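J.: Before we start, here is the structure in question, set down as structure tokens.
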Amino acid sequence: MLIAALPSGPLSANCYVIAPAPGGDCVIVDPGQEATGQVDKVLAEHELTPAAILLTHGHFDHVWSAAEIGDAHEVPVYLHEADHGLLEEPAAGVDAGFAAQLRMLLGPGPYPPPSDLRRVEDGDTLTSAGMEFVVEHTPGHTPGSVVYTVTPEDGIPVMFAGDLVFAGSIGRTDFPGGDAEAMNGSLTRSVLARSDDTRILPGHGPGTTVERERATNPYLRDIADRS
């Protein structure tokens, strides 16, 4: 399986391009700010054609280029319905101080959503580009946060975690729509309950594994100790 990680934008949000092999269809996860040029380079280098865009949540640094790329390639864009509003009003997902800066950074709008915007729900399985992505609803960072898991031929699951969990940390819950209790529940169900060999490809920073985070991530260790 081909997986290209493309940190993009001022917040270095990870966009991923995933394909079974070069020379065919691919899926794009979380194309945020300044992602389009990098995605285009990967598509050209590996002769890939987008089949779908999967969004882990609605924050601007993960979705900003979704409409541009999705409409250019005429492919569906998937996002949990609880975060659909953030596509048209990015400032609603951050605090008041950050919102003012964000409006200056992004411009006054409007911010049209992707033409083919579709919902995902907990338990869905999306089949695209010859791959199956299992959806888990993981509220806490935002109400509509989800993770997508695909299992390559080697049998080791790969979870695209968005801002649920990072190497050594977890997603913040202090923005509008954040919920610390919900986050703890999502981490328990969707990270701590997984097999140790599961690869985690987060929304920011380097990749990691469930085994490593279970042993070293202070937030996960605290949750485990209290359960």
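J.: With N denoting the number of residues in segment 161-223, provide Rg(C-alpha) divided by 2.2 N^0.38 Å, to two decimal places.
T.: So the Cα radius of gyration is 1.02 times the expected 2.2 N^0.38 Å.
J.: Could I ask something else about it? How do Ile3, Ile223 stack up against each other in accessible area, from largest to smallest, with a 1.4 angstrom probe?
T.: Ranking Ile3, Ile223 by accessible area, largest first, yields Ile3, Ile223.
J.: Relative contact order of segment 93-210: what whole-number percent is it, with Cα pairs under 8 angstrom and at least 6 residues apart?
T.: Relative contact order here is 22 percent.
J.: Order Glu213, Glu88 by their accessible area, 1.4 angstrom probe, all chains in place, largest first.
T.: Largest accessible area first, the residues go Glu88, Glu213.
J.: For segment 77-227, with only Lys/Arg (+1) and Asp/Glu (-1) charged at the beta-carbon, what is the dipole magnitude about the Cα centre, in debye rounded to 20?
T.: So the dipole magnitude of segment 77-227 works out to roughly 300 debye.
J.: Run through the DSSP bridge list for the chain and note the antiparallel percent, rounded to the nearest 5.
T.: 65 percent
J.: Right, next: Taking the dipole about the Cα centre of segment 73-143, with the C-beta of Lys and Arg at +1 and of Asp and Glu at -1, give me whichever of Gly123, Pro108, Ala82 is farthest to the positive side.
T.: Pro108
J.: Could you give me the radius of gyration and the Dmax of the chain, taking only the C-alpha atoms into account and expressing both in angstrom?
T.: Reported Rg and Dmax, both Å: 16.5, 49.
The values are calculated or read from the model by the stated rules, or taken from the named source; none is laboratory data. All of these numbers come straight from a predicted model, not from anything done at the bench. Here the Cβ is made from the backbone with ideal geometry for all residues, glycine too, and neighbour counts use every protein chain on show. All accessible areas refer to the heavy atoms of the entire protein, side chains included, with ligands and DNA or RNA removed. Shrake-Rupley method; radii C 1.70, N 1.55, O 1.52, S 1.80 Å.
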